[in-house]
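**Q** My questions will all concern the structure given below.
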């Protein structure tokens, strides 16, 4: 689901004078909490018209499969490139990584909860279809 906003800021690392661009998906990680509250309407775009073309689970492929198959090794490789000045304690970053990895298995449920919410975000998707099984 699209993020409602993205915050960009620039920080200088203590290790040098080169400014680095830090991209924080503020909504995705609950701002400064670095957590992922599970709520079917959290982080979705305010206007439903952006979702009108969604008609089935097929519209989420291949992204959904990529999320579900994303490995711990891949995520750790990305995290290893983040300067420590950007996240503070390594334990905090590791907690976030563990949370991300754990959420891979509930993405379909979160989409289904959003789809079946009273908001009716996908008017062209029949409500009689169920989410396919995960590809674990």
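The values are calculated or read from the model by the stated rules, or taken from the named source; none is laboratory data. Predicted model, so just to flag it, every value in this text is computed and none were measured. Don't worry about glycine lacking a Cβ; one is built from the backbone with ideal geometry, like all the others, and counts go over all protein chains shown.
**Q** Which condition from (1) assigned to a loop (DSSP other than H, G, I, E, B); (2) surrounded by 13 or more Cβ atoms within 10 Å (Cβ to Cβ); (3) modelled with pLDDT under 90 is the one that residue 39 breaks?
**A** Failed condition: (2).
**Q** In the stretch 45-77, which residues are assigned to a helix (DSSP H, G or I), more than 13 Å from residue 111 (Cβ to Cβ) and in contact with a helix residue (DSSP H, G or I) (Cβ under 9 Å, 6 or more places away or on another chain)?
**A** If the condition is that a residue be assigned to a helix (DSSP H, G or I), more than 13 Å from residue 111 (Cβ to Cβ) and in contact with a helix residue (DSSP H, G or I) (Cβ under 9 Å, 6 or more places away or on another chain), then 69, 72, 75, 76 are the ones that fit.
**Q** Quick one: would you say residue 110 is out of contact with any strand residue (DSSP E or B) (no Cβ under 7 Å at 6 or more places or on another chain), modelled with pLDDT under 90, assigned to a helix (DSSP H, G or I) and over 22 Å from residue 58 (Cβ atoms)?
**A** Against the criterion (out of contact with any strand residue (DSSP E or B) (no Cβ under 7 Å at 6 or more places or on another chain), modelled with pLDDT under 90, assigned to a helix (DSSP H, G or I) and over 22 Å from residue 58 (Cβ atoms)), residue 110 does not qualify.
**Q** Sticking with this one: Of the numbered conditions (1) loosely packed, with under 11 Cβ neighbours inside 10 Å; (2) more than 19 Å from the chain's Cα centre (by Cα); (3) closer than 21 Å to residue 41 by Cα, residue 102 fails exactly one; give the number of that condition.
**A** Here residue 102 meets the rest and fails (2).
**Q** Condition test on residue 53, is it closer than 30 Å to residue 124 by Cβ, modelled with pLDDT of 80 or more, within 13 Å of the chain's Cα centre (by Cα) and loosely packed, with under 12 Cβ neighbours inside 10 Å?
**A** For residue 53, the condition - closer than 30 Å to residue 124 by Cβ, modelled with pLDDT of 80 or more, within 13 Å of the chain's Cα centre (by Cα) and loosely packed, with under 12 Cβ neighbours inside 10 Å - is not met.
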